[in-house]
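Let me begin by presenting the structure, written as structure tokens, before commenting on it.
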Amino acid sequence: MPPDILIIGAGAVGLASALELTQRGARVTLLDRSLSGTESTWAGGGILSPLLPWNYSAAVNALSEYSRQLFPDWCARQESLAGLEAEYQVSGMLVLPPFDETDAFAWCGRHGWCCELRDSAAWLPTIAARKSLWLPDVAQARNPRLAQVLRAAALAVGVNIVEMASVTRLMVAGGRISGVQTTQGDFAAAAVVVAAGAWSGALVGIDALSERVFPVRGQMLLFKLPPESLAGSLPTIVLQNGHYLIPRRDGHVLAGSTLEAAGFDKSTTDAARLELLAFAGGILPSLTEQCLQQHWSGLRPGSPDNIPLISPHPDYTNLYFNSGHFRYGVTMAPGSAQVLADLIEGKSPAISAAPYAFPSNFAAIAETDIQEVAAN
């Protein structure tokens, strides 16, 4: 008997989708071309909101806000299942100038966010004495640990996780997707969900999706401060001009990130390292190359206007997509999983799914990359 649902991609969105569908009674098999949670889920910073939400569209904010409200309880449930901790914490975020004060306060007022102007010079002496924007409700999770939590929770509820399984072909029978061929063999399913992040548009058979979901490289640095340097030095997330510092509980500090159109190239560059070092040291002088521990890159699933795709395919109603979340896959994971599960069950989601549907002119699946199989 085939699994009810086959999910391609075991990042935060795929794992969250598997957990939600399993908890609603489905039997789920989760496939990943690599190891669970080791691509953009692992590589990101874990800030649980759009960096400056007033600069994003209503569609991005609707899903982000829905998911942000779900996140604390959702994360706690997965931690309980996994017996592990994701280091979720409300650490707040200080936005250093320049920023649009009028837009910021108007947006925060409409959406119930706390915000205030404050003088940051007391603990950031390198910053000119201008007012910064304090957002006390911004939270974070530690991405690699969240990935471990979600994988362990998925296994605990019975999700079948198959790693190192690259999809090579979609299979169709009777006008429906019946399963996939992979490097680990064939897998049948009543429904298939593509949640393969930046690789969603590169899956064989749905090449047209490459214009809807595409890789955007981001590079990050990781520092480790000794305890005596950390005390009081970075009490919150700091954001300026699209770059950020994120303090972890154990003295690690992340600095990120770049936005690069580099295709599927995951190499790191000296230019990015120097750019991020200059930013980090300009905010906190103790963040020097001497305490730099790691430099990496990840591939975000970019999308037009940063709006993810959460929708059935227009030609194959049992083929679903949950991808294109750009920088916010971790942030949007619980909400996206709810929307997807509601669509699969034929329910109306708590927020409108219309902004996340396929465009009306989307190209059909390439027939040469689909194998017709005999109906059972």
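Among all positions in region 63-82, there is no residue which is outside any helix (DSSP H, G or I), without any contact (Cβ under 8 Å) to a residue 12 or more places away in the chain and over 24 Å from GLY302 (Cβ atoms).
Scanning region 241-262 for residues that are in contact with an Asp or Glu (Cβ under 8 Å, 6 or more places away or on another chain) and of a type in the set (S, T, N, Q) gives a single hit, THR258.
Do the conditions hold for ILE47, that is, is it under 30 Å from ASP103 (Cα atoms) and modelled with pLDDT of 95 or more? In short, yes.
Going residue by residue through region 262-276, is there one that turns out to be over 30 Å from GLY174 (Cα atoms), in the same structural domain as SER200 (by TED's automatic domain parsing), touching a residue at least 12 places away in the same chain (Cβ under 8 Å) and among the β-branched types (Val, Ile, Thr)? No, region 262-276 contains no residue that is over 30 Å from GLY174 (Cα atoms), in the same structural domain as SER200 (by TED's automatic domain parsing), touching a residue at least 12 places away in the same chain (Cβ under 8 Å) and among the β-branched types (Val, Ile, Thr). In region 95-113, is there at least one residue being surrounded by fewer than 18 Cβ atoms within 10 Å (Cβ to Cβ), among the aliphatic types (A, V, I, L, M), out of contact with any Ser or Thr (no Cβ under 8 Å at 6 or more places or on another chain) and not in a loop (DSSP other than H, G, I, E, B)? Looking through region 95-113, at least one residue is surrounded by fewer than 18 Cβ atoms within 10 Å (Cβ to Cβ), among the aliphatic types (A, V, I, L, M), out of contact with any Ser or Thr (no Cβ under 8 Å at 6 or more places or on another chain) and not in a loop (DSSP other than H, G, I, E, B). Go through (1) surrounded by fewer than 19 Cβ atoms within 10 Å (Cβ to Cβ); (2) within 28 Å of TRP134 (Cβ to Cβ); (3) out of contact with any Ser or Thr (no Cβ under 6 Å at 6 or more places or on another chain); (4) of a type outside the set (Val, Ile, Thr) and name the single condition GLY92 misses. So GLY92 meets the others, but not (3). As a summary of the residue check, SER297 satisfies the conditions (1) outside the structural domain of MET171 (by TED's automatic domain parsing); (2) over 20 Å from ALA202 (Cα atoms) except for the one numbered (2). Against the test of being in a strand (DSSP E or B) and within 25 Å of SER49 (Cβ to Cβ), the options LEU222, LEU287 yield a single qualifying residue, LEU222. Can you pull out the residues in region 69-83 that are under 15 Å from GLY46 (Cβ atoms) and either acidic (Asp, Glu) or in contact with a helix residue (DSSP H, G or I) (Cβ under 7 Å, 6 or more places away or on another chain) (or both)? Passing the criteria: PHE71, TRP74, GLN78, GLU79. Can you tell me which residues in region 258-271 are loosely packed, with under 11 Cβ neighbours inside 10 Å and of a type outside the set (A, V, I, L, M, F, W, C)? Within region 258-271, SER267, ASP270 qualify.
Results for (1) within 23 Å of the chain's Cα centre (by Cα); (2) among the β-branched types (Val, Ile, Thr); (3) farther than 21 Å from GLY14 by Cα, shown as yes or no for each residue.
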| residue | (1), (2), (3) |
| --- | --- |
| SER200 | yes, no, no |
| ARG249 | yes, no, yes |
| LEU274 | no, no, yes |
| SER286 | no, no, yes |
| HIS295 | yes, no, yes |
| GLY298 | yes, no, no |
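Would you confirm whether or not region 23-44 contains a residue that is more than 12 Å from the chain's Cα centre (by Cα) and assigned to a helix (DSSP H, G or I)? Yes, region 23-44 contains at least one residue that is more than 12 Å from the chain's Cα centre (by Cα) and assigned to a helix (DSSP H, G or I). The residue that is modelled with the lowest pLDDT, counting only those in region 160-186 that are farther than 20 Å from GLU39 by Cα and β-branched (Val, Ile, Thr), is VAL172. Among the residues that make up region 213-234, is at least one of them buried (at least 21 other Cβ atoms within 10 Å of the Cβ), at pLDDT 95 or above and over 21 Å from the mean Cα position of the chain (by Cα)? Yes, some residue in region 213-234 is buried (at least 21 other Cβ atoms within 10 Å of the Cβ), at pLDDT 95 or above and over 21 Å from the mean Cα position of the chain (by Cα). Determine, yes or no, whether LEU274 is of a type in the set (A, V, I, L, M, F, W, C) and either closer than 23 Å to GLU85 by Cα or surrounded by fewer than 17 Cβ atoms within 10 Å (Cβ to Cβ) (or both). Here the answer is yes, as LEU274 does meet what is asked.
Could you please find all residues in region 262-278 being assigned to a helix (DSSP H, G or I) and under 9 Å from GLN219 (Cα atoms)? Across region 262-278, the qualifying residues are ALA272, ARG273, LEU276.
The values are calculated or read from the model by the stated rules, or taken from the named source; none is laboratory data. Note that the coordinates shown come from a computational prediction; the quantities given were computed from them, not determined experimentally. Cβ: placed from backbone, ideal geometry, glycine included. Neighbour counts: every protein chain shown.
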